[in-house]
Amino acid sequence: MGELETESEKSRSEIASYLREVADQLEGGGDVTLELGGRQARLNPTNPVTFKLEGESDWTEGDTEAKQSIEFELVWWRDFFFFFCTTAFWFRQTGVRARKPLSNTV
């Protein structure tokens, strides 16, 4: 899959609603679909999941403003054999064929 990283400005209420949706999907035990900025990724977390939480502020005395952030990260390991089998199954079900690499021509 690679990586999905996007950002967009949302209200606190919109963010809370989005996090609730992700939490409901996570609690449901199936796939978790992330969608933001018109991009989408579907993941299937396996147990155990490591939960990382980071809060940060670059404020120092005398500053008139400061960047602050909260970051959530969930990390799990996927067995390669499982990943290979489910990916192959997806290709068979969808009829999508892997693209051949481009040749290096000058």
Discussion item. Can you tell me the mean projection area, over all orientations, of the convex hull of region 27-71's alpha carbons? Units nm², please.
Written reply: 5.2
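Counting Lys +1, Arg +1, Asp -1, Glu -1, what net charge surrounds Glu71 among other residues with beta carbon under 10 Å of its beta carbon?
-2
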Fill in: Net +/- balance of residues flanking Lys52 in space, Cβ distance below 11 Å, scoring K and R +1, D and E -1
-3
Response to the item:
Loop-resident chymotrypsin sites (Phe, Trp or Tyr not before Pro) in region 1-77 with no more than 10 other Cβ atoms inside 10 Å, DSSP not H/G/I/E/B, are Trp77
Worksheet, complete the sentence: Other residues with Cβ under 12 Å from the Cβ of Ala41 give, with Lys and Arg +1 and Asp and Glu -1, a net charge of -2
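Computed from the coordinates by the stated procedures, all read-outs in this text should not be read as laboratory data. Just so you know, these numbers come straight off a predicted model, no measurement behind them. Virtual Cβ from ideal backbone geometry, glycine too; neighbours counted across all protein chains shown.
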